Amino acid sequence: MTSPVVISPSSAVPLLRLPDFATLSQQIRECGPNEVVAALGRERRTVSDLAALLSPAAETMLPDLARQAALITRQRFGRVIQLYAPLYLSSYCFNRCLYCGFSVDNEIPRRVLSLAEAEREAKILSRRGFEHILLVSGEAPAKLGVDYLEELARRLRDDFAAISIEVQPLKEEEYARLFAAGITAVAIYQETYDRRTYEEVHLGGPKADYDRRLEIPARVARAGMREVGLGALLGLADWRAEGLALGLHLAWLRKLAWRTGLTVSFPRLRPASGGFTPRVMVGEKNLSQLIFALRLFDPDVGLILSTREEQRYRDGMIGLGPTRYSAGSCTIPGGYGDSAADGEQFAIDDHRDLAEVAAAIRAKGHDPVRKDWDAIFQQR
Amino acid sequence: MLEIAGRKFRSRLFTGTGKFASATVMKAALTASDSEMVTVALRRVDLNDPADDIMSHLDRDHFFFLPNTSGARDAAEAVRLAHLARSVGNTNWLKLEVTPDPRTLLPDPVETLKATEELVREGFVVLPYINADPILALRLQDVGAAAVMPLGSPIGTNQGLLTRFQVAIIIEQARVPVVVDAGLGAPSHAVEAMEMGADAVLVNTAIAVAGDPVRMARAFADAVRAGREAYESGLGRRGTTAEASSPEVGLDFLHG
């Protein structure tokens, strides 16, 4: 049995104390070219170095950041890109989040897949060649709770090497149950580390509590999950400060939960039902700088680039930092089996199927890896 | 300032009491070292002759005694010594040494973890002496070690920081102070450890057997201060020109 993360009873568990978001922004903007050059030259980089790498002063040195990010990524991960597909289970949600198509107020066709329907969707992904799926759901535990996920994982574990979830926050013992059932990773994004923005865009539902949200990744790790995924939704607040906050969150988790693998996602806001317009523009150069900076700060963190980004950009970034790509994604529950289904969470921008994405990865001299885990690890 | 289990130390040089030519030399050298933390082998403490006892030569207001379990071969022996330390030394601090191989005196990781777990449960402040094994260091922190003390090289060898790469990982991952212990034979070795970010170093043999232990103690004190100063002032930069030979990465695909 994998023992959960042990947090010493004698040493107090440190709380994650993030500096005020405006302070983070300020710290970044105060960095000049000298700090960037120094940060580029270091073997191990501190949070101050990360601030410099995220700064406007680093923009002219983007090729230098890219070169180092590529070197580190190749050294730590090799010439490989992992592939996965999301499986949307339910669009029911009682959170009121301005940016999300599943927000409770949005008039979209709502659907929760029955276990049999979810299995059928999963079979389609399995037949298409996926070995790693990410189960996604809105937050409505009465429609889709831990019992559902546990049963689904048991049904899917023979067909998939790895099953991740991106669902509502659960209790520690519930995560432990899901781990035993075959789920290995949990994505739980803070969306924005700016408390004020967070409160402005999360108008209702349990997700509206910033601090409650912030503590979940550590809970996931304590429950024994192999991997926890952090993320910030780009387009809500200063992306540079989001990057620095992500770095602080990563570094804190690394100390607290040394057995747990960490990943970061960088979803840029896409058109979604509800008509939310991004509050800040985040261009491709910005996104790239964020990815390079985090790679330089944490050489071991998995970096995920989803189909929210278009083909040209995703192909261009192969080998420069990201380690995991989704492919052939549909964000509508039931959308794999029924192409006429409606009610997506967000629009996607890379519509290629698994084979096409794999071919693009090979064309860049990398190996598309579908299977990087085995259910045998969790069988007992 | 260095803080271990809530206790603050101005000096980051820990010293030992073994191998000195006399108690007088020991006292003079330890005073010159500015060290506040002095480790004492429990097996050397003579309960039947308090006047001849090592500890009676050192002022307990000035030096904080850290009893060690030197000589213990397994967890059970170490735990018994710890109980002795608590009763005679009136302290719950302990440098845990479990060294079953009398030749190399290398620490036993399995027994050390077992003993740490037990002693933390009993309320001891445990500073385990370990090989420079990062996972062991993490496991010890998980069970409540107050610091970890990885070796630079086998005790008494004066070989310096042979474990540099492993110690760097331990430091990077540590949630408690890291004290590099054993094998530091010259002040330059101590500087190296401190520049890397070690929280403190423990030096005994190199001082005790030096031609002039008092001056060597002073040299180590200066070295530890210099190394720490360099670490805190942001050492570790190297020229970006070192990367010049790697190829340019094309970013032409970027829009906006």
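The values are calculated or read from the model by the stated rules, or taken from the named source; none is laboratory data. Being a predicted model, the structure only gives us computed values, none of them experimental. Counting neighbours? That spans all protein chains shown, and the Cβs are built from the backbone with ideal geometry, glycine included.
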Exercise for review: For the stretch B:161-219, name all the residues that are within 30 Å of B:THR24 (Cβ to Cβ), without any contact (Cβ under 8 Å) to a residue 40 or more places away in the chain and among the β-branched types (Val, Ile, Thr).
Suggested key: B:VAL180, B:VAL191
Study note, to complete from the structure: Considering only helices (runs of 4 or more DSSP H) wholly within the stretch A:203-267, the ones with at least 1 residues that are of a type outside the set (Val, Ile, Thr) and within 14 Å of chain B (Cβ to nearest Cβ) are A:216-222, A:239-256
Study note, to complete from the structure: Here the residues within the stretch A:220-257 that are surrounded by 19 or more Cβ atoms within 10 Å (Cβ to Cβ), touching a helix residue (DSSP H, G or I) at 6+ places or on another chain (Cβ under 7 Å) and farther than 24 Å from A:SER25 by Cβ are A:VAL220, A:ALA221, A:ARG222, A:ALA223, A:GLY224, A:MET225, A:VAL228, A:ALA257
Practice item. Scan the stretch A:38-48 for residues that are within 10 Å of chain B (Cβ to nearest Cβ) and in contact (Cβ under 8 Å) with a residue 12 or more places away in the chain and jot them down. Key: A:ALA38, A:ALA39, A:LEU40, A:ARG45, A:SER48
Review point. If you take the residues of the stretch B:176-207 that are in contact with a Pro (Cβ under 8 Å, 6 or more places away or on another chain) and modelled with pLDDT under 95, which of them is farthest from the other protein chains (Cβ to nearest Cβ)?
Key: B:ILE207
Practice item. Hey, could you check the stretch B:74-97 for residues that are among the acidic types (Asp, Glu) and under 17 Å from B:LEU140 (Cα atoms) and say which is modelled with the lowest pLDDT? Key: B:ASP74
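Suppose the filter is modelled with pLDDT under 95 and away from chain A (no Cβ under 14 Å); does B:ALA210 pass it?
Here the answer is yes, as B:ALA210 does meet what is asked.
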**Study point:** Options A:SER329, A:SER306: the member that is in contact with a strand residue (DSSP E or B) (Cβ under 8 Å, 6 or more places away or on another chain), more than 14 Å from chain B (Cβ to nearest Cβ), over 24 Å from A:ASP158 (Cα atoms) and surrounded by 15 or more Cβ atoms within 10 Å (Cβ to Cβ)
**Key:** A:SER306
Exercise for review: Evaluate the stretch A:133-156: report whether one residue or more is in contact with an Asp or Glu (Cβ under 6 Å, 6 or more places away or on another chain), among the charged types (D, E, K, R) and touching a residue at least 24 places away in the same chain (Cβ under 8 Å).
Suggested key: yes
Point to revise | Within the stretch B:131-160, tally of residues that are free of Cβ contacts under 8 Å to residues at least 12 places away in the same chain and more than 9 Å from every other protein chain (Cβ to nearest Cβ) | key: 0
Check your understanding: Of everything in the stretch B:1-25 that's out of contact with any helix residue (DSSP H, G or I) (no Cβ under 7 Å at 6 or more places or on another chain) and among the hydrophobic types (A, V, I, L, M, F, W, C), which residue is surrounded by the most Cβ atoms within 10 Å (Cβ to Cβ)?
Key -> B:PHE14
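Mind listing whichever residues of the stretch A:89-107 are outside any loop (DSSP other than H, G, I, E, B) and either among the hydroxyl-bearing types (Ser, Thr, Tyr) or surrounded by 19 or more Cβ atoms within 10 Å (Cβ to Cβ) (or both)?
A:LEU89, A:SER90, A:CYS97, listed by residue number.
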Check your understanding: Inside the stretch B:109-127, can you point out the residues that are in contact with a Ser or Thr (Cβ under 7 Å, 6 or more places away or on another chain) and not in a helix (DSSP H, G or I)?
Key -> B:VAL126
Point to revise | Scan of the stretch A:52-63 for residues that are more than 7 Å from every other protein chain (Cβ to nearest Cβ) and over 12 Å from A:LEU294 (Cβ atoms), ordered by number | key: A:ALA52, A:SER55, A:PRO56, A:ALA57, A:ALA58, A:GLU59, A:THR60, A:MET61
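B:PRO247 - would you say it is within 12 Å of chain A (Cβ to nearest Cβ), modelled with pLDDT under 95 and either part of a loop (DSSP other than H, G, I, E, B) or within 24 Å of B:VAL40 (Cβ to Cβ) (or both)?
So B:PRO247 passes the test.
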Point to revise | Residue among B:PRO128, B:PRO67, B:PRO107, B:PRO102 that alone is within 14 Å of chain A (Cβ to nearest Cβ) and either free of Cβ contacts under 8 Å to residues at least 24 places away in the same chain or crowded, with 22+ Cβ neighbours inside 10 Å (or both) | key: B:PRO128
Revision key, fill the gap. A:ALA359 fails exactly one of (1) assigned to a loop (DSSP other than H, G, I, E, B); (2) surrounded by fewer than 19 Cβ atoms within 10 Å (Cβ to Cβ), namely (1)
Check your understanding: Does A:ARG74 qualify as being of a type in the set (Lys, Arg), within 14 Å of chain B (Cβ to nearest Cβ) and crowded, with 19+ Cβ neighbours inside 10 Å?
Key -> no
Exercise for review: Within the stretch A:1-21, track down each residue that is modelled with pLDDT of 90 or more and either surrounded by 13 or more Cβ atoms within 10 Å (Cβ to Cβ) or facing chain B (nearest Cβ under 9 Å) (or both).
Suggested key: A:LEU18, A:PRO19, A:PHE21
